[in-house]
Amino acid sequence: MATSRPVFSRLYERVSRRLEDAGMAELRRELLDGLAGAAVEVGCGNGLTFAHYPRTVTRVVAVEPEPRLRAAAERAARGAGVGVEVVAGTAEELPLPDASVDAAVLCLVLCSIGDRARALAELRRVLRPGGELRFLEHTVAEDRRLQRVQRLVDATVWPLLAGGCHTATDQVGAIAAAGFTVRRVRRFDFPPARVRVPASPHVLGVAVR
Ligand SMILES: C[S@@+](CC[C@H](N)C(=O)[O-])C[C@H]1O[C@@H](n2cnc3c(N)ncnc32)[C@H](O)[C@@H]1O
């Protein structure tokens, strides 16, 4: 179970709100567009995704291990347009029965999960056959030079500053390796800028169980 991260959680609450205005809110809407039925969101952080679930979603179980972020997510859940239950836990051990949800949501979280293969296997377990995994993640760069920078920061300061995040992780490859069929992927830089940083390359997509 991920431990309490008081410094990261405070920092993330601030930074994440600024990124919302820089376009992340719009990306969250795109991530969730058209979803229906029951959903699970893992690593929901302070709950910024909740406001963007369409009304066709009947309930969301939102799993978050970090206590301060989980408390913020509980507050966000109270103002959400859909029913959100925030629970303590990790992606590697989801508190849900097999095939019990119609959709699974990953938003800026795969990079921080200790055992991604196990977390993705858990998502496959709880998702019904044909259910969708929606993902919005930063990812390993296609450009070799930026990849080298990503590996360097991953081996030094980045995980310490960014809550265990590793930037040189191939999210789409991991999702496919877990047995999902990747249906759609859009690659882009966020926030858009002339100088690319290790967390610039992003993917937004849909995979099916
Ligand atoms: C960068 S934040 C993203 C938060 C949120 N999903 C968002 O879109 O703003 C990464 C989140 O993953 C959570 N996390 C880290 N390890 C996890 C794990 N093993 N299982 C579930 N969540 C985890 C962290 O506590 C944090 O809330």
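Quick notes
- Derived scalar couplings ³J(HN,Hα) [region 39-47; Karplus, 6.51 cos²θ - 1.76 cosθ + 1.60; whole Hz; x for Gly, Pro]: 10, 10, 10, 9, x, 6, x, 8, x
- Additional length obtainable on full extension of the chain from residue 195 to residue 11, 0.36 nm per residue less Cα span: 64.0 nm
- Heavy-atom accessible surface of the chain: percent carbon and sulfur, 1.4 Å: 53
- Proximity of backbone amide H atoms, modeled 1.01 Å from N, is registered between residue 99 and 126, 127 at under 5 Å, excluding neighbours fewer than 5 places apart on the same chain.
- A probe of 1.4 angstrom, applied to the heavy atoms of all protein chains, finds residue 69 with accessible area near 10 square angstrom.
- Surface exposure of the chain, expressed per residue as accessible area with a 1.4 Å probe, stands at 48 Å².
- When only alpha carbons are used to place a centre, region 117-163 and region 183-197 end up 14 Å from one another.
- Residue-wise HN-Hα couplings along region 14-24, as the Karplus relation 6.51 cos²θ - 1.76 cosθ + 1.60 with θ = phi - 60° gives them from phi, are 6, 4, 5, 5, 5, 5, 4, 6, 7, x, 5 Hz; Gly and Pro carry x.
- Under a 5 Å amide H cut-off, with hydrogens placed 1.01 Å from N, residue 40 pairs with 61, 103, 104, 105 among residues at least 5 apart or on other chains.
- Label-to-label distance, residue 151 versus residue 36, with points set 7 angstrom from Cα along the beta-carbon direction: 4.6 nm.
- For region 61-67, 3J(HN,Hα) computed residue by residue from phi via the Karplus equation (6.51, -1.76, 1.60; θ = phi - 60°) reads 9, 10, 9, 8, x, 8, x Hz, glycine and proline entered as x.
- Heavy atoms of residue 142: accessible area, 1.4 Å probe, square angstrom to 10: 140
- Under 5 Å between amide hydrogens, built in the peptide plane, is the criterion, and for residue 84 it picks out 60 among residues at least 5 positions away or on other chains.
- Taking all protein chains as they are arranged and a probe of 1.4 Å, the heavy atoms of residue 58 leave approximately 100 Å² accessible to solvent.
- Normalising by residue count, the chain has a Cα convex hull of 108 Å³ per residue.
- Annotation: extensible slack from residue 20 through residue 117 equals 32.0 nm (criterion: 0.36 nm per residue apart, minus Cα-Cα distance).
- Estimated from helices alone, the mean residue ellipticity of the chain at 222 nm is -9500 deg cm²/dmol (sum of -39500 (n - 2.57) over DSSP H runs with n ≥ 4, per residue).
The values are calculated or read from the model by the stated rules, or taken from the named source; none is laboratory data. These numbers come from a predicted model, not from an experiment. Every residue, glycine among them, receives a Cβ derived from its backbone with ideal geometry; neighbour counts consider all protein chains shown. Ligands, DNA and RNA are stripped out before the accessible areas are found, and what is left, the full protein with its side chains, is counted by its heavy atoms. Shrake-Rupley method; radii C 1.70, N 1.55, O 1.52, S 1.80 Å.
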